[in-house]
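The values are calculated or read from the model by the stated rules, or taken from the named source; none is laboratory data. Bear in mind the structure is a predicted one, so any value in this text is a computation, not a measurement. Reconstructed Cβ throughout: ideal geometry from the backbone, glycine too, with neighbour counts over all protein chains shown. Accessible surface areas use protein heavy atoms only, side chains included; no ligands, DNA or RNA. Shrake-Rupley method; radii C 1.70, N 1.55, O 1.52, S 1.80 Å.
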Amino acid sequence: MEFPQARQRFYSETRQPNEEINLAKASLYIAQEDYPDLDVDEYLNILDAMAAELSDRLPAERYPMRTIQAINSYLYEDLGFFGNTTNYYDPRNSFLHQVIDRRTGIPITLSLIYLEVAKRIDFPMVGIGMPGHFIIRPNFEDSGIFVDAFNKGEILFPEDCQERIRRIFNRDVPLRPEFLEAIDNRGFLARMLGNLKMIYLQRGQAKRCLAAIERILLLFPDAPLELRDRGLLYYQSQRWNLARPDLEAYLDRVPHASDAHLIRQILDRINQNN
(Lines give C-alpha, C1' and ligand atoms only; values in the text may rest on other atoms or scores of the structure.)
Protein backbone atom coordinates (compact mmCIF):
# COMPACT_ATOMS: atom_id res chain seq x y z
CA MET A 1 0.00 0.00 0.00
CA GLU A 2 1.33 3.43 -1.00
CA PHE A 3 1.32 5.86 1.93
CA PRO A 4 1.47 9.67 1.65
CA GLN A 5 4.91 11.18 2.20
CA ALA A 6 3.68 12.83 5.40
CA ARG A 7 2.70 9.38 6.74
CA GLN A 8 6.16 8.06 5.96
CA ARG A 9 7.74 11.01 7.78
CA PHE A 10 5.45 10.43 10.75
CA TYR A 11 6.44 6.76 10.79
CA SER A 12 10.16 7.60 10.67
CA GLU A 13 9.86 10.15 13.47
CA THR A 14 7.91 7.81 15.75
CA ARG A 15 10.27 4.83 15.20
CA GLN A 16 12.80 6.55 17.47
CA PRO A 17 13.01 5.77 21.19
CA ASN A 18 9.96 7.25 22.84
CA GLU A 19 11.79 10.03 24.68
CA GLU A 20 13.54 11.13 21.46
CA ILE A 21 10.37 11.63 19.42
CA ASN A 22 9.98 15.29 18.49
CA LEU A 23 6.34 15.92 19.43
CA ALA A 24 6.01 19.14 17.48
CA LYS A 25 7.50 17.63 14.34
CA ALA A 26 5.39 14.46 14.55
CA SER A 27 2.26 16.56 15.15
CA LEU A 28 3.03 18.67 12.10
CA TYR A 29 3.40 15.49 10.05
CA ILE A 30 -0.10 14.54 11.20
CA ALA A 31 -1.34 17.88 9.87
CA GLN A 32 0.72 17.61 6.70
CA GLU A 33 -1.33 14.63 5.57
CA ASP A 34 -4.35 16.94 5.31
CA TYR A 35 -2.30 19.99 4.28
CA PRO A 36 0.36 18.68 1.86
CA ASP A 37 1.88 22.14 1.31
CA LEU A 38 2.53 22.67 5.02
CA ASP A 39 6.15 23.71 5.67
CA VAL A 40 7.10 21.83 8.85
CA ASP A 41 10.36 23.75 9.37
CA GLU A 42 8.51 27.06 9.19
CA TYR A 43 6.35 26.15 12.18
CA LEU A 44 9.23 24.69 14.15
CA ASN A 45 11.00 28.03 13.60
CA ILE A 46 7.90 29.87 14.83
CA LEU A 47 8.03 27.88 18.07
CA ASP A 48 11.73 28.71 18.38
CA ALA A 49 10.99 32.40 17.85
CA MET A 50 8.20 32.34 20.42
CA ALA A 51 10.54 30.84 22.99
CA ALA A 52 13.26 33.37 22.20
CA GLU A 53 10.82 36.24 22.65
CA LEU A 54 9.55 34.74 25.90
CA SER A 55 13.10 34.33 27.20
CA ASP A 56 13.50 38.11 27.30
CA ARG A 57 10.46 38.35 29.58
CA LEU A 58 11.38 35.70 32.11
CA PRO A 59 11.94 36.78 35.73
CA ALA A 60 15.47 36.89 37.05
CA GLU A 61 14.57 34.30 39.68
CA ARG A 62 12.97 31.50 37.71
CA TYR A 63 10.87 29.84 40.36
CA PRO A 64 8.23 27.51 38.87
CA MET A 65 5.22 29.70 39.65
CA ARG A 66 6.91 32.83 38.31
CA THR A 67 7.97 31.03 35.16
CA ILE A 68 4.43 29.70 34.61
CA GLN A 69 3.04 33.20 35.12
CA ALA A 70 5.49 34.57 32.53
CA ILE A 71 4.50 31.85 30.02
CA ASN A 72 0.83 32.51 30.66
CA SER A 73 1.23 36.25 30.19
CA TYR A 74 3.09 35.76 26.92
CA LEU A 75 0.85 33.07 25.38
CA TYR A 76 -2.56 34.30 26.50
CA GLU A 77 -2.17 38.06 26.88
CA ASP A 78 0.51 38.99 24.36
CA LEU A 79 -0.20 36.38 21.67
CA GLY A 80 -3.89 35.91 22.44
CA PHE A 81 -4.17 32.12 22.49
CA PHE A 82 -7.51 30.86 23.78
CA GLY A 83 -9.49 27.64 24.09
CA ASN A 84 -12.01 27.13 21.29
CA THR A 85 -15.28 26.65 23.14
CA THR A 86 -17.57 27.77 20.30
CA ASN A 87 -16.40 25.24 17.67
CA TYR A 88 -14.63 22.64 19.76
CA TYR A 89 -14.94 19.82 17.20
CA ASP A 90 -13.53 21.73 14.25
CA PRO A 91 -10.73 19.46 12.92
CA ARG A 92 -8.46 22.52 12.62
CA ASN A 93 -8.26 22.57 16.41
CA SER A 94 -6.26 19.32 16.20
CA PHE A 95 -3.70 20.55 13.66
CA LEU A 96 -0.72 22.28 15.26
CA HIS A 97 -0.05 24.76 12.45
CA GLN A 98 -3.71 25.81 12.40
CA VAL A 99 -3.67 26.34 16.15
CA ILE A 100 -0.56 28.51 15.84
CA ASP A 101 -2.06 30.51 12.96
CA ARG A 102 -5.56 30.90 14.44
CA ARG A 103 -4.43 31.21 18.08
CA THR A 104 -7.11 28.75 19.19
CA GLY A 105 -7.39 25.04 19.76
CA ILE A 106 -8.42 22.25 22.08
CA PRO A 107 -6.71 21.22 25.34
CA ILE A 108 -4.14 18.86 23.83
CA THR A 109 -2.95 21.16 21.04
CA LEU A 110 -2.75 24.22 23.28
CA SER A 111 -0.89 22.03 25.78
CA LEU A 112 1.50 21.02 23.01
CA ILE A 113 2.37 24.64 22.26
CA TYR A 114 2.85 25.29 25.97
CA LEU A 115 5.09 22.20 26.31
CA GLU A 116 7.18 23.11 23.27
CA VAL A 117 7.73 26.69 24.36
CA ALA A 118 8.51 25.61 27.95
CA LYS A 119 11.01 23.03 26.69
CA ARG A 120 12.84 25.68 24.69
CA ILE A 121 13.32 27.88 27.77
CA ASP A 122 14.64 24.92 29.80
CA PHE A 123 11.47 24.56 31.86
CA PRO A 124 10.46 20.99 30.95
CA MET A 125 6.85 20.00 31.41
CA VAL A 126 4.85 16.84 30.71
CA GLY A 127 1.37 16.10 29.46
CA ILE A 128 -1.32 14.62 31.69
CA GLY A 129 -4.07 12.73 29.88
CA MET A 130 -6.88 13.05 32.40
CA PRO A 131 -10.18 11.45 31.40
CA GLY A 132 -12.05 13.93 29.24
CA HIS A 133 -9.48 16.70 29.53
CA PHE A 134 -5.77 17.27 28.89
CA ILE A 135 -3.51 19.27 31.20
CA ILE A 136 0.23 19.62 31.85
CA ARG A 137 2.57 19.95 34.81
CA PRO A 138 6.20 20.87 35.51
CA ASN A 139 8.42 17.83 35.07
CA PHE A 140 9.87 17.52 38.52
CA GLU A 141 8.92 15.18 41.31
CA ASP A 142 6.05 16.16 43.59
CA SER A 143 5.45 19.48 41.86
CA GLY A 144 1.88 19.37 43.16
CA ILE A 145 0.62 21.84 40.55
CA PHE A 146 -0.93 21.43 37.12
CA VAL A 147 -1.60 23.86 34.30
CA ASP A 148 -4.74 23.98 32.18
CA ALA A 149 -3.54 25.33 28.82
CA PHE A 150 -7.11 25.38 27.49
CA ASN A 151 -8.17 27.79 30.22
CA LYS A 152 -5.44 30.40 29.84
CA GLY A 153 -2.89 28.52 31.92
CA GLU A 154 -5.06 28.20 35.02
CA ILE A 155 -3.15 26.67 37.93
CA LEU A 156 -4.76 23.52 39.28
CA PHE A 157 -4.16 21.39 42.36
CA PRO A 158 -5.23 17.73 42.62
CA GLU A 159 -8.56 18.66 44.18
CA ASP A 160 -9.21 21.02 41.25
CA CYS A 161 -8.48 18.18 38.84
CA GLN A 162 -11.04 16.02 40.60
CA GLU A 163 -13.63 18.80 40.36
CA ARG A 164 -12.81 19.25 36.66
CA ILE A 165 -13.45 15.53 36.06
CA ARG A 166 -16.70 15.69 38.04
CA ARG A 167 -17.95 18.54 35.85
CA ILE A 168 -16.99 16.75 32.64
CA PHE A 169 -18.83 13.54 33.55
CA ASN A 170 -21.54 15.23 35.60
CA ARG A 171 -21.03 12.81 38.46
CA ASP A 172 -18.54 12.06 41.22
CA VAL A 173 -15.54 10.15 39.89
CA PRO A 174 -12.84 9.06 42.36
CA LEU A 175 -9.48 10.61 41.47
CA ARG A 176 -7.31 7.58 40.72
CA PRO A 177 -3.51 8.06 40.70
CA GLU A 178 -3.25 7.06 37.03
CA PHE A 179 -5.47 10.00 36.06
CA LEU A 180 -2.59 12.35 36.90
CA GLU A 181 0.28 10.28 35.51
CA ALA A 182 2.44 11.73 32.74
CA ILE A 183 1.69 10.54 29.23
CA ASP A 184 4.58 9.52 27.00
CA ASN A 185 5.16 10.83 23.48
CA ARG A 186 3.49 7.97 21.65
CA GLY A 187 0.51 8.18 23.97
CA PHE A 188 0.31 11.92 23.37
CA LEU A 189 0.22 11.48 19.60
CA ALA A 190 -2.29 8.64 19.84
CA ARG A 191 -4.60 10.88 21.86
CA MET A 192 -4.33 13.63 19.24
CA LEU A 193 -5.16 11.14 16.51
CA GLY A 194 -7.98 9.70 18.60
CA ASN A 195 -9.59 13.14 18.67
CA LEU A 196 -9.40 13.34 14.88
CA LYS A 197 -10.73 9.80 14.56
CA MET A 198 -13.86 10.63 16.57
CA ILE A 199 -14.44 13.93 14.76
CA TYR A 200 -14.25 12.29 11.35
CA LEU A 201 -16.37 9.35 12.49
CA GLN A 202 -19.12 11.70 13.67
CA ARG A 203 -18.92 13.58 10.37
CA GLY A 204 -19.16 10.40 8.34
CA GLN A 205 -15.73 11.00 6.77
CA ALA A 206 -14.69 7.36 6.64
CA LYS A 207 -11.50 7.86 4.62
CA ARG A 208 -10.09 10.43 7.04
CA CYS A 209 -11.23 8.39 10.02
CA LEU A 210 -9.37 5.40 8.60
CA ALA A 211 -6.23 7.52 8.11
CA ALA A 212 -6.29 8.50 11.79
CA ILE A 213 -6.71 4.87 12.88
CA GLU A 214 -3.87 3.73 10.64
CA ARG A 215 -1.51 6.20 12.26
CA ILE A 216 -2.59 5.14 15.76
CA LEU A 217 -1.72 1.59 14.71
CA LEU A 218 1.71 2.78 13.60
CA LEU A 219 2.20 3.86 17.21
CA PHE A 220 0.48 0.87 18.83
CA PRO A 221 0.23 -1.98 16.32
CA ASP A 222 -1.63 -4.30 18.70
CA ALA A 223 -4.27 -1.85 19.95
CA PRO A 224 -7.42 -4.02 19.94
CA LEU A 225 -10.03 -1.29 19.54
CA GLU A 226 -8.16 0.30 16.66
CA LEU A 227 -7.86 -3.07 14.91
CA ARG A 228 -11.59 -3.59 15.40
CA ASP A 229 -12.51 -0.13 14.14
CA ARG A 230 -10.26 -0.39 11.10
CA GLY A 231 -11.77 -3.78 10.34
CA LEU A 232 -15.29 -2.37 10.60
CA LEU A 233 -14.44 0.49 8.25
CA TYR A 234 -12.99 -1.98 5.77
CA TYR A 235 -16.12 -4.11 6.13
CA GLN A 236 -18.43 -1.15 5.50
CA SER A 237 -16.54 -0.38 2.30
CA GLN A 238 -16.73 -4.06 1.27
CA ARG A 239 -12.96 -4.51 1.50
CA TRP A 240 -13.55 -7.90 3.08
CA ASN A 241 -10.05 -9.32 2.57
CA LEU A 242 -8.68 -6.43 4.63
CA ALA A 243 -11.49 -6.51 7.21
CA ARG A 244 -11.11 -10.19 8.09
CA PRO A 245 -7.55 -10.17 9.55
CA ASP A 246 -8.25 -7.06 11.64
CA LEU A 247 -11.47 -8.44 13.10
CA GLU A 248 -9.89 -11.84 13.75
CA ALA A 249 -6.94 -10.13 15.46
CA TYR A 250 -9.38 -8.19 17.64
CA LEU A 251 -11.10 -11.39 18.77
CA ASP A 252 -7.73 -13.05 19.41
CA ARG A 253 -6.79 -10.23 21.77
CA VAL A 254 -10.13 -9.78 23.53
CA PRO A 255 -12.14 -12.98 22.94
CA HIS A 256 -14.63 -12.10 25.66
CA ALA A 257 -15.29 -8.51 24.56
CA SER A 258 -18.86 -7.31 24.94
CA ASP A 259 -19.19 -7.06 21.16
CA ALA A 260 -17.44 -10.36 20.38
CA HIS A 261 -20.69 -12.01 19.26
CA LEU A 262 -21.42 -9.19 16.81
CA ILE A 263 -17.88 -9.31 15.40
CA ARG A 264 -18.19 -13.07 14.88
CA GLN A 265 -21.44 -12.51 13.00
CA ILE A 266 -19.70 -10.00 10.73
CA LEU A 267 -16.88 -12.47 10.10
CA ASP A 268 -19.47 -15.10 9.16
CA ARG A 269 -20.96 -12.68 6.60
CA ILE A 270 -17.50 -11.95 5.20
CA ASN A 271 -16.81 -15.67 4.81
CA GLN A 272 -20.15 -16.16 3.05
CA ASN A 273 -19.27 -13.42 0.55
CA ASN A 274 -15.89 -14.94 -0.23
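Among the listed residues 34, 101, identify the single one that is within 23 Å of the chain's Cα centre (by Cα), of a type outside the set (Phe, Trp, Tyr), surrounded by fewer than 16 Cβ atoms within 10 Å (Cβ to Cβ) and modelled with pLDDT of 95 or more.
On inspection, the qualifying residue turns out to be 101.
Considering only residues that are in contact with a helix residue (DSSP H, G or I) (Cβ under 9 Å, 6 or more places away or on another chain) and more than 22 Å from residue 64 (Cα to Cα), which ones fall in the range 143-183?
Selection gives 162, 165, 172, 173, 174, 175, 179.
Any chance you could count how many residues in the range 66-81 are under 13 Å from residue 123 (Cα atoms) and open to solvent by 80 Å² or more (accessible area, probe 1.4 Å)?
Within the range 66-81, residues that are under 13 Å from residue 123 (Cα atoms) and open to solvent by 80 Å² or more (accessible area, probe 1.4 Å) number 2.
Just to be sure, is residue 155 in contact with a Ser or Thr (Cβ under 8 Å, 6 or more places away or on another chain), outside any helix (DSSP H, G or I) and not polar (S, T, N, Q)?
no
Collect the residues in the range 1-31 that are touching a Lys or Arg at 6+ places or on another chain (Cβ under 7 Å), without any contact (Cβ under 8 Å) to a residue 60 or more places away in the chain and not hydroxyl-bearing (Ser, Thr, Tyr), keeping them in residue-number order.
Hit for the range 1-31 is 13, nothing else.
Spot the failing condition for residue 42; the list is (1) open to solvent by 60 Å² or more (accessible area, probe 1.4 Å); (2) within 20 Å of residue 138 (Cβ to Cβ); (3) modelled with pLDDT of 95 or more, and only one is missed.
(2)
Is there any pair linking a residue in the range 247-262 that is in contact (Cβ under 8 Å) with a residue 24 or more places away in the chain to one that is open to solvent by 100 Å² or more (accessible area, probe 1.4 Å), with Cβ under 7 Å and at least six apart or on different chains, and which?
none
Can you find a residue that is on the phi > 0 side of the Ramachandran plot and at pLDDT below 95 anywhere in the range 233-241?
Yes, that holds for at least one residue.
State which residue is surrounded by the fewest Cβ atoms within 10 Å (Cβ to Cβ) when the search covers only the range 118-151 and only residues that are within 15 Å of residue 62 (Cα to Cα) and among the hydrophobic types (A, V, I, L, M, F, W, C).
Among those residues, the one meeting the criterion is 140.
Of (1) closer than 24 Å to residue 24 by Cα; (2) at pLDDT 95 or above; (3) exposed (fewer than 13 other Cβ atoms within 10 Å of the Cβ), residue 194 satisfies all except one. Which?
Here residue 194 clears every test but (3).
Can you tell me which residue is most open to solvent (accessible area, probe 1.4 Å) among those in the range 47-63 that are at pLDDT below 90 and either more than 18 Å from residue 138 (Cβ to Cβ) or among the aromatic types (Phe, Trp, Tyr) (or both)?
63
If you check residue 216 against the conditions, is it open to solvent by less than 50 Å² (accessible area, probe 1.4 Å), β-branched (Val, Ile, Thr) and in contact with an Asp or Glu (Cβ under 8 Å, 6 or more places away or on another chain)?
Yes, satisfied.
Can you confirm whether residue 85 is of a type outside the set (Phe, Trp, Tyr) and buried (at least 18 other Cβ atoms within 10 Å of the Cβ)?
no
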